[in-house]
Each structure stands twice: as C-alpha cells, then as structure tokens.
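Enquirer: I am attaching a structure below and will ask some questions about it afterwards.
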Amino acid sequence: MESLFWLAGSLAAHGIWSVSDGSPLVPMLGHDLRSGQQHMMRLLGDNLEDGVALGRDKLESNDDEAARAVLIFDAYITDEHGETDALMVDGRDYDSNAGVTLAVPYRAADKPEGFAVFAPKFLSFSGSESQLPDLAEVFFQGVDAHGEAAAVWNQYWSESRSS
C-alpha cells in the first residue's frame, strides 16, 4: 500500500506543477510495472473528458499488468468553501486489490489571489482508517521525491483557504 501512496504523491506533484502556470492538465496515468520500471502516459482524446474516460478504462483493465497504477485528472470538487479546482487522484494496487481516491484542491493561477495548493482530501480508501496518517506521510514523501514539482508544490502550499 505504501508504494501506491508514494506513486500517487509523485504524480500529484507532477500534476500540480503542470497546472501551476494556468495550463490545463492533460490526464495522466502512471504505472509501477512488475519489472521495477515506472511508466507515465498522457491520455489524449478529442477533449479532456475523453482522456479521463480512457484513463479510467486503463486503470480498470490493467492491460500493462502493472503492480499499481494512478490516474490524475483535473476536476472540480464542492466542499465547505464551495466549488474549487482539484486534481483527482485515483490509485489501484493490483496485488492487494486496494485503492485510494483523493482530491488535491488548488486555486487556479488566474484567480486574483494567485495560485495555491491546499491539503489533500482523502475521499475513499480501502484500508484501515488507522493506517491513513502513516500513508498520508508516504504520499508527501512521493510529492517531495519529484524535485522540480515538489518545489512548486511547497512554494504555493497554503494552510488556509478562503475561496
């Protein structure tokens, strides 16, 4: 399970780096292959929704026979602050049949207050709730492992959110 959270953190950091300048995020699917190699692909379609649908299909089918995979795409979530931009992170560990879904809210660069990254919200998790604090720490280790992307994440991290 730790490897899944690490991969999710690394890909989430890459996604935040991608949207930090106001660009749309092309959906991405990252794999940890059984050979030990990592692979990431951008999922292009006629529109972003097609890319997300393709990613969901690939995540379900696991045609690459990966040990684990994570899909990242741009979306909106509604929470106590209203509707906000967020990167959706959907991960699967195929060996343990475990999964995690989380959102990384962010404030888009075109907002008057400028770009910001907010605390991830764990939406679903197939493990024990008692594991979540340790696995969240592993998620942030994955974020920090992605050099340039981690620098952007940390530069724009915000503890509070008013919009």
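The values are calculated or read from the model by the stated rules, or taken from the named source; none is laboratory data. As the structure is a computational prediction, the values presented were derived from the model and not from experiment. All Cβ positions, even for glycine, are placed from backbone atoms using ideal geometry, and neighbour counts span all protein chains on display.
Enquirer: Residue under question is GLY22, and the condition is that it be surrounded by fewer than 19 Cβ atoms within 10 Å (Cβ to Cβ) and either within 11 Å of the chain's Cα centre (by Cα) or in contact (Cβ under 8 Å) with a residue 40 or more places away in the chain (or both); does it hold?
Expert: Details: surrounded by fewer than 19 Cβ atoms within 10 Å (Cβ to Cβ): yes; either within 11 Å of the chain's Cα centre (by Cα) or in contact (Cβ under 8 Å) with a residue 40 or more places away in the chain (or both): yes.
The answer is yes for GLY22.
Enquirer: Kindly evaluate VAL89 against the criterion of being touching a helix residue (DSSP H, G or I) at 6+ places or on another chain (Cβ under 6 Å), touching a residue at least 60 places away in the same chain (Cβ under 8 Å) and either closer than 19 Å to LEU11 by Cβ or in a strand (DSSP E or B) (or both).
Expert: So VAL89 passes the test.
Enquirer: Let me ask something else about it. Only one of these conditions is not met by ASP63: (1) at pLDDT 95 or above; (2) acidic (Asp, Glu); (3) part of a loop (DSSP other than H, G, I, E, B). Which number is it?
Expert: (1)
Enquirer: For ALA151, all conditions in the list (1) small (Gly, Ala, Ser); (2) modelled with pLDDT of 95 or more; (3) in a loop (DSSP other than H, G, I, E, B) hold save one; what is the number of the exception?
Expert: It fails just one condition, (3).
Enquirer: Name the single residue that is nearest to the chain's Cα centre (by Cα) among those in the stretch 94-111 being outside any strand (DSSP E or B) and among the small types (Gly, Ala, Ser).
Expert: The residue in question is ALA108.
Enquirer: I would also like to ask the following. Among the residues of the stretch 78-93, write down those that are more than 14 Å from the chain's Cα centre (by Cα) and either modelled with pLDDT of 95 or more or of a type outside the set (Val, Ile, Thr) (or both).
Expert: ASP79, GLU80, HIS81, GLY82, GLU83, ASP93
Enquirer: Right, something else. Filter the stretch 41-73 down to residues that are under 19 Å from LEU102 (Cα atoms) and touching a helix residue (DSSP H, G or I) at 6+ places or on another chain (Cβ under 7 Å) and give me whichever is surrounded by the fewest Cβ atoms within 10 Å (Cβ to Cβ).
Expert: PHE73
Enquirer: Next up: On the basis of being among the hydrophobic types (A, V, I, L, M, F, W, C), surrounded by 15 or more Cβ atoms within 10 Å (Cβ to Cβ) and within 24 Å of PRO133 (Cα to Cα), does ALA103 make the cut?
Expert: For ALA103, the condition - among the hydrophobic types (A, V, I, L, M, F, W, C), surrounded by 15 or more Cβ atoms within 10 Å (Cβ to Cβ) and within 24 Å of PRO133 (Cα to Cα) - is met.
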